1. Among the residues of segment 104-122, is there at least one that is open to solvent by less than 20 Å² (accessible area, probe 1.4 Å), of a type in the set (Val, Ile, Thr), modelled with pLDDT under 95 and not in a loop (DSSP other than H, G, I, E, B)?
2. Please determine whether any residue of segment 295-317 is buried (at least 20 other Cβ atoms within 10 Å of the Cβ), modelled with pLDDT of 90 or more and in a loop (DSSP other than H, G, I, E, B).
3. Tally time: how many residues in segment 62-81 are modelled with pLDDT under 95 and loosely packed, with under 14 Cβ neighbours inside 10 Å?
4. Which condition number in (1) open to solvent by 20 Å² or more (accessible area, probe 1.4 Å); (2) more than 21 Å from the chain's Cα centre (by Cα) is the one that Ile45 fails?
5. Suppose the filter is closer than 17 Å to Asn302 by Cβ, at pLDDT below 90 and open to solvent by 30 Å² or more (accessible area, probe 1.4 Å); does Lys88 pass it?
6. Scan segment 89-139 for residues that are over 18 Å from Cys77 (Cα atoms) and among the acidic types (Asp, Glu) and report the count.
7. Looking at Thr107, Thr128, Thr112, which one is more than 11 Å from Arg227 (Cα to Cα) and free of Cβ contacts under 8 Å to residues at least 40 places away in the same chain?
8. Restricted to segment 238-250, and to residues that are of a type outside the set (D, E, K, R) and open to solvent by 40 Å² or more (accessible area, probe 1.4 Å), which residue is nearest to Lys110 (Cα to Cα)?
Amino acid sequence: MSVNLENTGSIKGELHTDSKKNEKPERPCLQVDEQGGSDFFKDLILASQTVLETVQQKGRSKCPKCQSSRMFYCYSCFLLVDGVNSDKIPQVKLPLKIDIIKHPNETDGKSTAVHAKLLAQDDVNIYTYPCMPEYKDISNEVAVVFPGPKSIALDDLPKYLSTIAGKKPQPTKSSKNALSHENITCEGPEIKRAKYDHKHQQSLDEENPVKEQNVGEMETHPTPLKRVIFIDSTWNQTNKIITDERLQELLHVELRSQKTHFWRKQKGKPDTYLATIEAIYYFLADYHRLFLKENYNGEYDNLLFFLFVYAQINQQS
């Protein structure tokens, strides 16, 4: 789960203004129970869940890597289980890269961070704290989504970036791949060194290099972010991560007032405390409107593909 990554209040008014919303994919068997509070899901444009319904009927399957028995996917290995056809699972192309910093004590089976990795494989990386990239060379291109006294509202982000555009130095060619495998550090306040497999991160950076902007463009348009960080933990676990100096020096952005539709809410916390995948979804929907200057027409709805399925399973149980 994620912490109080409160909303972007303007999303609701613009979510479904295009005619494409009338072209909804078929959703056999898994019906929305409006009495169960799932009205939110009925307006999403989601890929068909037929493949998951078939798997659910057969029961758990083994992870192809660790051989653990799982339903749909392995939350430890970030892989689909045997019997799930990857061609039937949607892939979402994101407008920027997402880094998820996961607390080492966060229960894998309760985290929705794996949803982002499975559904946007090319644009999402998950790190277990204290391992995370060094962002200092590209700090003007990175933001942390987290509420706090130093955080700015997402709606204010374009104006803020316009203000600082002329003050920030333009990234050089030497820094465009700053998040390569050589820049993953694992030195936190308590754990000095942890093992991390850097091969996958290196390949992603080589396949998706950061494109440079010229100075003139920076002076006339808000500098778009290239990478956004989300913290995956319970509220009580967040302090250890967010106080890390590697994150403190970055821009902090907060969402406001959006309510969670995740059935497993954090005990004793308000319903504005979102699951990690919800926070990513709401951030991207408003980013689409604010920076791409387009109405949101469901481009990132499939990030909630697994969340929708589990919501139905939870209602039926």
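The values are calculated or read from the model by the stated rules, or taken from the named source; none is laboratory data. Source: prediction; values computed, not measured. Neighbour counts are summed over all protein chains in view; Cβ atoms, including those assigned to glycine, are modelled from backbone coordinates with ideal geometry. Ligands, DNA and RNA are excluded from the accessible area calculation, which covers all protein heavy atoms including side chains. Shrake-Rupley method; radii C 1.70, N 1.55, O 1.52, S 1.80 Å.
1. Taking segment 104-122 first, the residues open to solvent by less than 20 Å² (accessible area, probe 1.4 Å) are 106, 111-116, 118-120.
If we keep only those that are of a type in the set (Val, Ile, Thr) as well, we get 112, 114.
Keeping just the survivors that are modelled with pLDDT under 95 gives 112.
The next check asks that each one be not in a loop (DSSP other than H, G, I, E, B); those that pass are none.
No: zero hits.
2. Yes, there is a match, as at least one residue in segment 295-317 is buried (at least 20 other Cβ atoms within 10 Å of the Cβ), modelled with pLDDT of 90 or more and in a loop (DSSP other than H, G, I, E, B).
3. Qualifying residue count, segment 62-81: 0.
4. That leaves (2) as the condition not met.
5. Working: closer than 17 Å to Asn302 by Cβ: yes; at pLDDT below 90: no; open to solvent by 30 Å² or more (accessible area, probe 1.4 Å): yes.
No; evaluated as a whole, the condition is false for this residue.
6. Total satisfying the criteria: 2.
7. Exactly one of Thr107, Thr128, Thr112 is more than 11 Å from Arg227 (Cα to Cα) and free of Cβ contacts under 8 Å to residues at least 40 places away in the same chain, namely Thr107.
8. Going residue by residue through segment 238-250, those that are of a type outside the set (D, E, K, R) are 238-239, 241-243, 247-248, 250.
Subset that is open to solvent by 40 Å² or more (accessible area, probe 1.4 Å): 239, 243, 248.
On the way: Asn239: 19, Thr243: 24, Gln248: 27 Å.
Among those residues, the one meeting the criterion is Asn239.
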